[in-house]
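Where a number appears in this text, it was derived from the coordinates with a stated rule and is not lab data. Predicted model, so just to flag it, every value in this text is computed and none were measured. With ideal geometry, Cβ positions are generated from the backbone for all residues, glycine too; neighbour counts draw on all protein chains shown.
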Amino acid sequence: MDSTTQELRHRTKDDSPITSQDDNITNTESKNPQQPWLVWAEGGFHENPSAMGSYLAQLGLSLLWDPIFFKMNAAKVGLFVCLAQIAAMFNCYRMFGKVNRTAGDLVKLCMVWCGLLTLVNLYFVV
């Protein structure tokens, strides 16, 4: 047996390319709870309580979009919810970035995801 065959036989499930891709998707989605924790850990919510309101607004809008778009089939209303969510995320980005730069950068990832949802939503409106 050559070394390549032995390497493939000893490869674990975590080393497979599909699992790595799935982990990347999961990691991108799991960064959202880390943002407020990073801000909270540095006392950002005590210094600027409006940051918590902004975070709760974007969280509420993200939870609201799913039933509006999928269950009620209201694509136009869903588009407005997505646009409001992007505005709330941008506000979070500004506030979180002042407290912890990493938290602000993690909000950017969520803004990209929300932008993609907005484009998909816009497709169904037009």
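Which net charge results when you count Lys and Arg as +1 and Asp and Glu as -1 among the other residues whose beta-carbon is under 9 Å from that of G104? Net charge in that neighbourhood comes out at +3. With θ taken as phi - 60° and the Karplus curve 6.51 cos²θ - 1.76 cosθ + 1.60 applied, the whole-hertz 3J(HN,Hα) list for segment 51-62 is 5, 5, x, 5, 5, 5, 5, 5, 5, x, 5, 5 Hz, x standing for glycine and proline. Our coupling estimate for segment 39-45, obtained by passing each phi through the Karplus curve with A = 6.51, B = -1.76, C = 1.60 and θ = phi - 60°, is 6, 4, 4, 9, x, x, 6 Hz, Gly and Pro reported as x. At each listed q (0.16 Å⁻¹), what is the log10 of I(q)/I(0) that the Debye formula gives for segment 33-125 modelled as equal alpha-carbon point scatterers? Calculated log10 I(q)/I(0) at the listed q: -0.61.
What the phi angles of segment 81-98 give under the Karplus curve with 6.51, -1.76 and 1.60, with θ = phi - 60°, is a coupling list of 5, 5, 5, 5, 5, 5, 5, 5, 5, 5, 5, 4, 4, 5, 6, 5, x, 5 Hz, glycine and proline written as x. Over segment 34-126, Cα pairs under 8 Å with separation of 6+ residues give a relative contact order of 34 percent.
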